[in-house]
Each structure stands twice: as structure tokens, then as C-alpha cells.
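Contents: one structure, followed by commentary.
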Amino acid sequence: MPTVVLMDSSLSMTRPVSVEGSEEIQRKNLAVHGLTMLFEHMATNYRLEFTSLVTFSSLWELMVPFTRDYNTLQEALNNLEDYDKTCLEAALQGVSNIVQQEWGTSCPCQVVLVTDGALGIGRGSLRHSLQTVKQRVEDKKFPLPFPFPSKLYVMCIANAEEVHYFEHSLYFIILYIYIYIYIYIFIISSFILCFSSIKSMFKLIDQAYSPFHAVMRCGNLTSDVQVFPRPEPVTIDEEVDPMPRTVQTDLEIVGFIEIGDISSPPVLSRHLVLPIAVNKEGDEIGTGATDDTEEETPTNQMAGKSPNFCVLLHGSLKVEGMVALVQLGPDWFGMLYSQADSKKKSNLMMSLFEPGSEPLPWLGRISQLGPASDAAENPYGEDDSKSPFPIQPKNKRSYAQNVTVWIKASGLQTDVQKILRNARKLPEKTQTFYKELNRLRKAALAFGFWELLKSVAELLERECTLLPDSAHPDAAFQLSHAAQQLKLASSGDSKYAAYEHNITPMLTDFSGGGGADRI
């Protein structure tokens with residue numbers, strides 16, 4: 001997920017810090033030192049991450065747009081200028097605008113805020129913003145929480161004594177009011193501000209930007225891989241006592257399936273799978289993937305010459321047009337597939353399904369899938385002209401039934417006209433007439449549309465009086481019978497107004513029935 005580094009460039013960041021045995025330094029120098037460690041770590045282990053640098057004081061400025069060039073980020077960080085007072089609200093609004101313009105509102109993003117914890121003074125300060133937060137109109141709301149999925153990391157360049165003294169400082173206020181968003185506060189535990197304490201505070205590196213290494217297995221074949229970005233823990237809300245589920249480092253391929261059978265399933269997240277080449281001594285050489293801006297180093301050349309199961313799997317899935325089902329944990333599955341970025345470049349991707357034994361209803365339980373060769377006959381046919389999927393559910397879905405919906409008056413008029421057309425063709429259309437009549441009756445009862453039943457009954461009685469002399473005698477009996485049944489249903493009688501009750505054709509001498517049912 002992309003990262004926005006939000007750097008405080010106000011005057012309070014220029015406050016000096018005395019360090020024994022060295023020249024006087026500023027808090028800004030400590031912040032630059034910490035971010036330099038972060039950029040160096042990301043350039044080595046997280047180089048596919050898009051990162052942007054934004055500075056703020058009373059105004060905010062986009063120093064470096066989203067990029068993978070960490071040299072550019074470092075150069076801009078070293079050339080930061082000092083400005084006036086702190087205004088965090090404007091900076092957070094700027095971050096929101098930048099991310100939405102570049103990634104939209106569905107892409108998760110990480111925001112790293114580096115500040116000294118000062119609230120600012122006067123209008124635009126954090127204290128003023130939060131005091132007026134409930135008196136604002138819709139278009140001037142406080143920018144937290146962000147309109148996109150996010151994690152906010154606050155790196156506070158202040159010692160433990162200052163943290164205790166400023167009990168209403170930035171991180172406590174945000175933590176108190178916006179506890180329901182993902183926010184992580186990092187402070188210095190010691191009373192001395194120095195480069196070593198900054199290094200211990202930036203444990204953010206290990207928490208948010210540690211690479212996710214795993215072993216991918218398929219039978220006796222294995223491959224060391226890196227999954228990017230790092231899969232986040234998933235919590236199922238439906239559980240009584242929900243516990244976060246994490247992706248295991250042992251990814252077991254349980255089978256393969258046609259792309260057409262799995263179609264385009266709903267997924268929680270998508271990740272890039274990169275092979276990690278290992279030399280004979282067991283030391284990691286690096287990932288086999290190369291970026292467009294990355295130079296061919298001897299390490300990359302060595303990794304490209306090493307045989308790797310991950311590369312074999314990627315090529316096979318691409319050529320055969322299949323996906324691999326992979327087990328991520330107990331009762332949790334995902335899929336591996338080849339995705340093309342361009343005509344010449346493609347990547348091995350992994351998508352995570354919802355936890356559960358049946359994440360895709362049209363496949364059934366994944367644990368019950370087996371090799372096609374074990375079936376009595378080929379489920380795909382001799383010429384691959386058919387497919388065993390989708391599996392029909394045992395219970396008929398509500399959305400799979402033909403439900404009558406009248407959104408416009410024209411739809412209701414069409415259904416009534418269809419009944420009248422069949423009524424004029426009785427007795428040849430007896431079955432169709434009663435089928436349409438019962439469909440309309442059930443819909444009217446479901447909606448409580450009693451007046452419709454009375455009106456249709458009157459229409460049927462009118463049609464009965466307008467029958468020509470050449471009409472079949474059975475037509476008049478059926479129309480009168482249907483009209484009477486609709487009137488009984490509209491009166492609310494428990495027997496004839498039941499939803500499950502169907503109006504059946506009247507048995508007459510002309511329709512082959514006995515005379516006892518005649519009217």
C-alpha cells in the first residue's frame with residue numbers, strides 16, 4: 001500500500017537539542033535521521049512501495065509525488081526549509097486530497113506523521129480545530145478519519161518529560177477522540193533526545209515495513225517467496241468471539257482450476273508474489289523481480305539464473321490459462337494467477353478469499369474438490385465442451401426465483417393486459433390464464449394491494465359479459481369462477497386469501513369434469 005510521509009517543518013521543529021560530546025542539533029535533524037533510516041530500509045526491503053513526501057506548517061506542500069525513487073525522496077528531505085506555525089488540520093486535509101487524487105478511496109494507504117507534538121497556536125491549531133469540530137458544516141469537517149482505508153503512524157520527537165508535561169499534546173488528543181481509526185503512537189521512552197533514541201523509536205520499520213517471506217509448496221516442489229504488500233490480519237465480524245486471522249508463512253497449493261470456472265471472484269486483497277533466490281550456502285540473494293527503473297546488478301543476474309519453482313509455476317499458469325488454489329491457513333484459501341501489466345510483462349499474483357470453507361458458492365466446499373481424473377467420467381466432457389461449475393445450491397436462492405416487481409405503472413398494466421388476452425382465448429389458454437392470474441394474485445397479496453384484486457375481478461366479469469355468441473361455453477364459466485375467487489381473496493377470508501393458495505381451473509362438463517362442480 002502507498003505511503004505518505006508528513007513532515008512537520010514549523011519553527012518548533014528547529015528547537016535545539018543538546019547532546020553531550022557533540023554540537024548542538026535541532027529536532028528537525030533527528031526527524032531527518034529517522035526518516036533516512038526508514039527510506040534506506042524501504043529501498044532495500046520494500047522497494048515496490050510508492051512513497052510521497054509532504055511538508056506542512058501553516059500551509060502544506062507536496063515536495064515529492066508518489067515515487068519509488070528513494071534517492072529523490074532523500075534529496076528533498078535533506079533540503080527542507082523552515083516555515084511558521086503548526087497547522088495539522090490543513091496538512092491532514094492535504095494528505096486526503098493527494099491520496100484520493102492518485103489512488104481513489106478504495107486503496108489502503110499508510111500515513112507517517114513526524115512532528116514534535118506541538119499543537120500550534122491560534123486559529124488553525126489542533127486545539128482550536130478540535131474545539132470547533134462539532135460546530136462545523138458538512139463540507140468543513142475535520143479530515144479524520146480519512147475517506148480511504150488508512151493507518152496513521154505518529155512519530156513524536158519529544159522526550160518522556162515533555163510527553164508527561166504536555167498531557168494534552170497531539171497524540172493524546174487524537175488517540176482520545178479518534179480511537180476507532182487505526183492510529184499508532186511512537187514516543188521516546190528515555191529522557192534524552194539523541195540519535196540512538198530516535199533509532200529505537202523508529203521501530204515502525206519492523207512493524208509496518210518488514211517484508212513478508214513465505215515458503216510456497218506444491219507436492220515435493222518448494223520455493224521461497226516474498227509477498228508484497230504484507231498481508232494484513234483479517235477479522236470475521238460474524239464470529240461470536242472474533243479473532244484476527246493471519247496468513248501463514250507456509251503456502252500450500254491444494255489444486256488447479258480453469259480460469260473460466262473460477263471467473264472473477266470477490267477477494268479481500270491482492271498481492272505480488274516474488275521469488276527469492278537462495279545460493280548453495282542457504283543465503284538469500286534477492287527477489288527475482290525487477291522494476292522498470294532498476295538496474296541489472298550482479299545480484300539480480302545471479303538470481304535470474306537460479307532455477308526456481310515460483311518461476312515455473314508462473315509460466316505454467318500463464319500458458320495453460322489456469323489458477324492455483326492455495327491454502328493460507330486453517331479453513332482459509334486464496335488463488336495464484338498470472339496477471340499481465342503489458343504485452344511483454346506479467347506478474348504472479350495472489351488474491352485472498354474470505355475466510356471459510358466455502359468462499360466461492362459456485363465451487364462448493366474447496367476441501368471437497370478433487371482431481372478430474374478421479375471422476376467416473378470426465379466432468380469437462382471428451383472435448384472440453386462443458387464444465388461441472390457452477391454447482392447448483394441445495395436451497396433455492398431468493399434472487400433466483402421469478403419475483404413480480406412493479407416499479408412503474410406500465411409494468412402493472414402489462415401484466416393485467418396479459419391476463420385479459422389469455423381470457424379472450426379461453427378455453428385454449430386455460431393453463432396460461434390461471435398461471436398469470438395466480439402470479440398477479442400472489443404479488444398483490446404480498447404488497448397488500450387488495451384493490452387490484454377487486455379491479456381485476458371486475459374486469460373479468462366485464463369480459464364475461466362481452467363474450468361473443470360464438471365463444472365456447474366453458475369461457476364464461478372460467479371467467480366467472482376466477483372473478484369470484486379474486487373477490488374472496490380481496491375480502492381477507494383466511495382460506496382464499498392465503499398466499500400459498502392457488503386458483504385452479506373450474507371443472508365443468510365442457511372441460512371433462514363432473515356436473516357437481518358446475519355453477
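The values are calculated or read from the model by the stated rules, or taken from the named source; none is laboratory data. Note that the structure is a prediction, hence the values are computed from the model and not measured. Here the Cβ positions follow ideal geometry from the backbone for every residue, glycine too, while neighbour counts run over all protein chains shown. Please note that ligands, DNA and RNA were not included when accessible areas were found on the heavy atoms of the full protein model with its side chains. Shrake-Rupley method; radii C 1.70, N 1.55, O 1.52, S 1.80 Å.
Scan segment 100-159 residue by residue and report those that are among the basic types (Lys, Arg) and free of Cβ contacts under 8 Å to residues at least 40 places away in the same chain.
Result: ARG123, LYS134, ARG136, LYS140, LYS141.
How many residues does segment 225-248 hold that are assigned to a loop (DSSP other than H, G, I, E, B) and surrounded by 12 or more Cβ atoms within 10 Å (Cβ to Cβ)?
Counting residues in segment 225-248 that are assigned to a loop (DSSP other than H, G, I, E, B) and surrounded by 12 or more Cβ atoms within 10 Å (Cβ to Cβ) gives 8.
State which residue is farthest from TYR434 (Cα to Cα) when the search covers only segment 460-490 and only residues that are touching a Lys or Arg at 6+ places or on another chain (Cβ under 9 Å) and of a type outside the set (A, V, I, L, M, F, W, C).
Per the stated criteria, the residue is SER490.
Test of understanding: among SER200, SER196, which residue is farther than 30 Å from GLU89 by Cα, among the small types (Gly, Ala, Ser) and modelled with pLDDT under 90?
Going through SER200, SER196 in turn, the sole match is SER196.
List pairs: first in segment 6-18 and touching a residue at least 40 places away in the same chain (Cβ under 8 Å) and under 24 Å from ILE98 (Cβ atoms), second of a type in the set (D, E, K, R) and not in a loop (DSSP other than H, G, I, E, B), Cβ under 6 Å, 6+ apart or cross-chain?
Filtered contacts from segment 6-18: MET13/ARG27; MET13/LYS28.
Would segment 53-67 turn up any residue that is touching a Phe, Trp or Tyr at 6+ places or on another chain (Cβ under 6 Å) and either small (Gly, Ala, Ser) or closer than 22 Å to PRO211 by Cα (or both)?
Yes.
Tell me, which strands (runs of 3 or more DSSP E) wholly within segment 47-130 include 1 or more residues that are at pLDDT 90 or above and open to solvent by 60 Å² or more (accessible area, probe 1.4 Å)?
Of the strands (runs of 3 or more DSSP E) lying wholly inside segment 47-130, those with at least 1 residues that are at pLDDT 90 or above and open to solvent by 60 Å² or more (accessible area, probe 1.4 Å) span 60-67.
SER10: touching a Cys at 6+ places or on another chain (Cβ under 6 Å), among the small types (Gly, Ala, Ser) and more than 20 Å from CYS107 (Cβ to Cβ), yes or no?
no
Go through segment 454-471 and report how many residues are hydrophobic (A, V, I, L, M, F, W, C), without any contact (Cβ under 8 Å) to a residue 40 or more places away in the chain and open to solvent by 50 Å² or more (accessible area, probe 1.4 Å).
1
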